[in-house]
Amino acid sequence: MARSLAAVLRTGVPGAGCVNVDTAEVVRSHGDLCRPELARVVVSASGTGR
């Protein structure tokens with residue numbers, strides 16, 4: 001089951017496993033892929049933002 005983008009931004013990405021993030025609330029087209037919210041998810045998943 002996918003976690004919402006808002007939930008992931010609020011609670012962070014789990015430390016292990018694969019996470020499916022539903023980004024439909026901010027991504028409508030390819031042009032929407034460069035969004036600050038998506039960058040925050042990537043940084044959170046990488047562990048470099050801690």
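Here are the numbers for the structure shown:
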{"item": "Tally, over the stretch 1-47, of residues that are of a type in the set (S, T, N, Q), under 9 Å from the mean Cα position of the chain (by Cα) and part of a loop (DSSP other than H, G, I, E, B)", "result": "2"}
{"item": "Selection count, the stretch 26-41, where residues are loosely packed, with under 13 Cβ neighbours inside 10 Å, modelled with pLDDT of 90 or more and under 19 Å from Arg3 (Cβ atoms)", "result": "2"}
{"item": "Qualifying positions in the stretch 14-25 - at pLDDT 90 or above and open to solvent by less than 90 Å² (accessible area, probe 1.4 Å)", "result": "Val21, Asp22, Thr23, Ala24"}
{"item": "Filter result for Asp32 (without any contact (Cβ under 8 Å) to a residue 12 or more places away in the chain and among the charged types (D, E, K, R))", "result": "yes"}
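Results for (1) touching a helix residue (DSSP H, G or I) at 6+ places or on another chain (Cβ under 7 Å); (2) polar (S, T, N, Q), shown as yes or no for each residue.
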{"residue": "Ala2", "(1), (2)": "no, no"}
{"residue": "Leu5", "(1), (2)": "yes, no"}
{"residue": "Gly15", "(1), (2)": "no, no"}
{"residue": "Val21", "(1), (2)": "yes, no"}
{"residue": "Ser29", "(1), (2)": "no, yes"}
{"residue": "Asp32", "(1), (2)": "no, no"}
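The values are calculated or read from the model by the stated rules, or taken from the named source; none is laboratory data. Everything quoted here is computed from the prediction, not taken from an experiment. Here Cβ is always computed from backbone atoms with ideal geometry, including for glycine, and neighbour counts include all displayed protein chains. These area figures cover heavy atoms from the full protein model, side chains too; ligands, DNA and RNA do not enter into them. Shrake-Rupley method; radii C 1.70, N 1.55, O 1.52, S 1.80 Å.
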